[in-house]
Amino acid sequence: MVQRIAMIGFGEAGSAFAGAISVPLSAYDCKTDRDETIAAMQLAFDKTGVCGCTSAAEALSGAGAVLSLVTAADALEAAIADAPMLEPGTLWIDMNSVAPQTKLRAAEAIERAGGSYVDVAIMAPVHPALLAVPMLISGAEAERAAEVLEGLGFTDLRVVGSEIGRASGVKMLRSIMVKGIEALTAEMMLAARQAGVTDEVLASLGDDWSSKASYNLERMRTHGGRRAAEMEEVARTLEMLGVEPLMTRGTIQRQREMAQ
């Protein structure tokens, strides 16, 4: 186990992991920079028992490994901004849901500064699994990162290759289906309510679809903005592969609308 672990980003995933990890952590979130959110952020730090920091430099000082858990929109910026603060050989474990090409650019910044970049894809909702959530890992330091994560208590880890972008590529393509089904659910429910046939439509799909639809809609209302940002990364992935993201563009719009 490396001597010190830092966490950059303390949203839903970061705070959930921090509450389950039993080793000391230092954490920073950009919300500590804002007067209107600093108190809530400090409360979140205190609740999980981490050492809450008021700057990335403070959190990263002396860290042997960093868990990057920001947002899809901020993942590259965080890597570029924080890279100069890393000590040589520090593992930057990027758990954000972004396109392979975004992770490659982040890796360039980290490795140029002397750090070691690892691509990690979280393959299911963090709740309720927490440290048992399945993760894919890729990169030259994937095995080393797996050892660090195992030391933190993560139990469902799979190394899928030595190339940065392989793990995230699997996640991006999976999200076409997972987030796309959510968007289709929302569209179906909006129309069914307008037509006054919600119960009949749900019953025609199966006994469990009432709960499935409720779950999908709740996830979109709560996380639609973040999901839309992730799906923007999915669209970039598809374009890189030469596949036009026709369905994905609709998913982006519907996820964003449901979050508003």
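Residues are listed down the side, and each one gets a yes or a no for (1) outside the structural domain of I252 (by TED's automatic domain parsing); (2) basic (K, R); (3) at pLDDT 95 or above; (4) under 16 Å from E218 (Cβ atoms):
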| site | (1), (2), (3), (4) |
| --- | --- |
| M172 | no, no, yes, no |
| I176 | no, no, yes, no |
| K179 | no, yes, yes, yes |
| T185 | no, no, yes, yes |
| M188 | no, no, yes, yes |
| A191 | no, no, yes, no |
| Q194 | no, no, yes, no |
| V197 | no, no, yes, no |
| V201 | no, no, yes, no |
Worksheet item: Which condition number in (1) touching a residue at least 12 places away in the same chain (Cβ under 8 Å); (2) loosely packed, with under 14 Cβ neighbours inside 10 Å; (3) not in a helix (DSSP H, G or I) is the one that D35 fails?
Response: (1)
Response to the item:
For segment 202-220, pairs from a residue that is surrounded by fewer than 16 Cβ atoms within 10 Å (Cβ to Cβ) to a residue that is in a helix (DSSP H, G or I), with Cβ under 6 Å and 6 or more apart or across chains, are S210/L202
Worksheet item: Looking at A145, A167, which is the one that is surrounded by 22 or more Cβ atoms within 10 Å (Cβ to Cβ), more than 16 Å from the chain's Cα centre (by Cα) and assigned to a helix (DSSP H, G or I)?
Response: A145
Worksheet item: Does E12 satisfy the condition of being of a type outside the set (A, V, I, L, M), more than 18 Å from G151 (Cβ to Cβ), surrounded by fewer than 21 Cβ atoms within 10 Å (Cβ to Cβ) and free of Cβ contacts under 8 Å to residues at least 24 places away in the same chain?
Response: no
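Residue-by-condition table, conditions (1) part of a loop (DSSP other than H, G, I, E, B); (2) at pLDDT 95 or above; (3) in contact with a Lys or Arg (Cβ under 6 Å, 6 or more places away or on another chain); (4) among the aromatic types (F, W, Y):
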position: Q3; (1), (2), (3), (4): yes, no, no, no
position: M7; (1), (2), (3), (4): no, yes, no, no
position: F17; (1), (2), (3), (4): no, yes, no, yes
position: A27; (1), (2), (3), (4): no, yes, no, no
position: A63; (1), (2), (3), (4): yes, yes, yes, no
position: V66; (1), (2), (3), (4): no, yes, no, no
position: A79; (1), (2), (3), (4): no, yes, no, no
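The values are calculated or read from the model by the stated rules, or taken from the named source; none is laboratory data. If you're wondering where the values come from, they're calculated on a predicted model, not measured in any experiment. Neighbour counts are summed over all protein chains in view; Cβ atoms, including those assigned to glycine, are modelled from backbone coordinates with ideal geometry.
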